[in-house]
Amino acid sequence: MINDWLLVLALIVLFLLPRESDLFAEGLDQEHYLQSLIDQATEKRLSQQRYWHLLLHYKKSIFGKYESQEDGLSFFNSPGGKSDPQAELLATLSSFFKKNEGFKKGEKHPQCNFPARFKWLSKQLSFDTSRFPKPACSLLEGWLEELNPRRITLVFASYYMNNPASMFGHTLLRIDTKREGPDQSLLNYGINYAATPDTDNPLMYTLKGLFGFFKGRFSVFPYYTKVQQYSNIDNRDLWEYELNFSEDQMNDLLLHLWELGGNYFDYLYFQENCSYHLLALLEVANPDLHLTDSFFYHVIPADTIKVVTRNDNLVVKRVYRPSLLSQMNNKRLKMTPPQDAMLQQLVKDSSWLERDEYRSLEISDKVLILDTYLDYAQYRNMRNRKEEKAPTEGDRKILLARSRLRYQRQDQGMIQFSTLPELGHGSDWLKIGVGRSAGQTFEEISYRPAYHDLLAKDIGYGKDSQILFLDLTARYYNDLEETKLDRLKIIEIISLTPYDRLLQKKSWRFGFGIDSIKDFDCHFCHSFKTSYGLGFSYKSSYANPFLLYALVDSEVEFSKRLDHDYRVGGGGTIGLLLDLTEDWRVQILGNILAFPLGHESDYYKVSINQRVALTQHSDLRVEMSQMEGKDEWVLSGNYYF
Amino acid sequence: MRRFFMMAFVGLTLTFASNSFAAGYGAAGCGLGSMVFGNEPGIIQIFAATTNGTSGSQTFGITSGTSNCDASGIILAEREDDLFAAQNFDTLTKEMAVGNGEHLDTLAGLLGCPSSQRAVFASFVQENYEAIFTSDQTTADEMLRAVKDGMFRNPVLSSSCSL
């Protein structure tokens, strides 16, 4: 009896099992279907469409050939996919028919790996999905469900002068999910594109960054970690630009991000950097946008903000997120001088809380002083501490005292310590001038691709700072009838941060490049020069248009025209920056340098430079100087673009 | 009785949570960063998180199966409040004393308090500051445990927040 039942069962199982010929027929059917899709795709010339090029990151080279910027080979289905849009399209179509099984651990079916390509091709060729294998893309689905975008926000982290890698600013995207509640934006996910550095050596870092030896990858993590890093530790204000995308467009962006996630681009500090590939992502979301086209050889994060804000209606809203120090400084601006003095006392000694001077204060005054102190203490702790520690005994005393006040103050009317990056002048610069140097008249031309100098208007840029990169100046001397290189500043950085008793920030400068030797007559000879200066700046208050600074300098020069081919020395600089009006800035500068090593020499130089802005992107300048009794002046027109 | 059980349950899960902290990963989240820096607590976790951000090991699609995240770099829901409290410990320490702030509101949301109750939550932590930070050795998970314990005992918050 049992045997009979077993026999019946076995027959049923056999009947239900697909027969060899069925499998074969299915394979044949898929092959026919694939062929018809390939025919259609070829006929419709899909591989020549812009969207396919966006998805595969193809760019046309100057010789008219396509090449994808993506450098991870698993991004392509065809071995020649990097440079052959058509081959890649056909290989992608056929990969979607791969059998569901046979994938190694960690490997995914192409349909799960390339969901944006699947979606677009499906739309173009009206896929009959019942004729495709149906892999389970559970990882992708879970990811999409968690990110669940309601809005997309482009975030600009403003300048952080003390770290050369951060000086140009940084951009990232934030996916705002459908999580409930108005105050939950910290829990959203940030999407970052960054290089994977494998060296701490600053020179190697710079060289590898410039020439594309780092791999750049996208990553996703909670927005609060970025706020922590930028706002609290690096002290950079954040600007958040909410972008106008439809739900479907945001979905396309995520599907494509998924495709990029497991791959990489060679990271090029000036071209394919943190900002460039974010723009490419936005183009995939909305192919009507042409964001990457306007960049030819360098992309500066602030420029990407300029491009995005120039597109009508793309930016819905701007939000300023002040850094921890900006929050603190906002409170300090509300203080009277005696209150500020009390804050300083509290910083020195927490037992000041027990004095009558504190006890007799109004509660709102106590709150203002303690809240300011707590911002300061948090900043100090986060920067200095290497390990997690509860507050120190002194800080704890103040925290407890603050909590006992049972008072919640609202910060109103926040002053913005940084300005919208899109308002800044163009980052390319062209200067045309005429002048006279030691009796010789000349015409002068300068060009630099980046970025901002001390005389320029600082709306959109870090205040009282200068970053020049590849700043080249040539002069045509009329009597000589010759063009001479005057200088090439490979990099020059000046950071003038007003000294503050609480924060005690120093000012500094660094320069590296080729300069003309002018302190003695060597007929326009050049030296290779590097200099470094450290000192202090003074400004009586935030709004004061008057900044005074003093630096101690050191300098090394190499040149065949110097005795022993070099000189090493030091000296000092005193400078003054003064904004007479919004458009008129004056700089007065005095330098003294003495070189006891190598070519023994010394010189002084006094300069007065003035800039009058004509528009946001153009100005007129008069630069006058005297060096060892020799006068020089230059009158120039300058254009930023 | 029911409240007692709930408290015991919360206490137990938090103990497990802090054990898992000690078991090899810190608060930075997922990926290489937290593996490199291990479970060294505190500020180093920020750098661990930063490493995550720049190293790209946290990119989605990489199956690591470790460190509080699923393989696509998404934080596991049940670890979210622990991670948030540990990552933002300094900020929360201040905002709890001051009695307002964005991080405090975010924590309230993570602990299931609706927007209308955020101010109540903020006053509650300010008033109970000494009970939450009992010593200068209080850690992030001790802080979080004390907050949750206190919320269960608080008639308004225990009924309005879905802990």
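Observations on the model:
- Take the Cα radius of gyration of chain A and divide it by 2.2 N^0.38 Å, N being the number of residues; the result is 1.22.
- The A:Lys506 and A:Lys60 beta-carbon pair, evaluated with R₀ = 41 Å, returns a calculated FRET efficiency of approximately 0.25.
- Eligible lysines near A:Lys484 by straight Cα distance, threshold 23 Å, same-chain separation 8 or greater: A:Lys431, A:Lys518, A:Lys529, A:Lys560, A:Lys605, A:Lys630
- For the pair A and B, total buried accessible area rounded to nearest 100 Å², probe 1.4 Å: 5100
- Environment charge of B:Val120, counting only residues whose C-beta is closer than 12 Å and scoring Lys/Arg +1, Asp/Glu -1: -1
- Every Cα-Cα pair in segment A:314-397 was counted, and those over 21 Å apart are 37% of them.
- Whole-number Å³ per residue for the convex hull built on Cα positions in segment A:563-641: 116
- Estimated inter-spin distance, A:Ala401 and A:Glu362, nm [label 7 Å along Cα→Cβ]: 1.9
- One decimal place: the segment A:Ser122-A:Leu73 gains 15.3 nm when fully extended, by the rule 0.36 nm per residue minus the C-alpha distance.
- Peptides ranked, highest mean first, by Cβ atoms within 10 Å: ranges A:242-249, A:258-265, A:303-310: A:258-265, A:303-310, A:242-249
- Each Lys and Arg Cβ is given +1 and each Asp and Glu Cβ -1; about its Cα centre, segment A:529-641 then shows a dipole of about 140 debye.
- Taking the convex hull of Cα positions in segment A:396-519, its mean projected area over all directions (nm²): 12.4
- With a Förster radius of 22 Å applied to the beta-carbon distance between A:Arg383 and A:Leu576, the computed FRET efficiency rounds to 0.10.
- Over all other residues within a Cβ to Cβ distance under 13 Å of A:Ile445, the charged ones net out to +1, with Lys and Arg as +1 and Asp and Glu as -1.
- Value of D in µm² per second that Stokes-Einstein yields for segment A:497-544, Kirkwood Rh from Cα pairs, at 10 °C (1.306 mPa s): 117
- In terms of its C-alpha gyration tensor, segment A:453-508 has a prolate overall shape, because the principal axis ratio a/c (a ≥ b ≥ c, square roots of the eigenvalues) is not below 1.5 and a/b outweighs b/c.
- Measuring max minus min along each principal axis, the C-alpha atoms of segment A:25-97 give extents of 47, 26, 17 Å (largest first).
- Cβ-Cβ distance of A:Ser540 and A:Asp479, R₀ of 45 Å, FRET efficiency by 1/(1 + (r/R0)^6): the value works out to about 0.40.
- Net charge over other residues, Cβ less than 13 angstrom from the Cβ of A:Leu620 (K, R count +1; D, E count -1): +2
- Per residue of A:398-411, other chain Cβ atoms within 10 Å of the residue Cβ number 5 on average.
- A:Thr441-A:Tyr532 pseudo-label distance in nm [points 7 Å out on the Cα-to-Cβ vector]: 4.4
- Furthest towards positive pole of dipole, A:Ala474, A:Thr419, A:Gly590, structure part chain A, Cβ charges: A:Thr419
- Surface exposure of chain A, expressed per residue as accessible area with a 1.4 Å probe, stands at 47 Å².
- Here segment A:524-602 is treated as a sphere whose radius is the Kirkwood value from Cα pairs; by Stokes-Einstein at 10 °C and 1.306 mPa s it diffuses with a coefficient of 110 µm²/s.
The values are calculated or read from the model by the stated rules, or taken from the named source; none is laboratory data. Since we're looking at a predicted model, the values are computed, not measured. A quick note on method: Cβ atoms are made from the backbone with ideal geometry, for glycine too, and the neighbour counts reach across all protein chains shown. All accessible areas refer to the heavy atoms of the entire protein, side chains included, with ligands and DNA or RNA removed. Shrake-Rupley method; radii C 1.70, N 1.55, O 1.52, S 1.80 Å.
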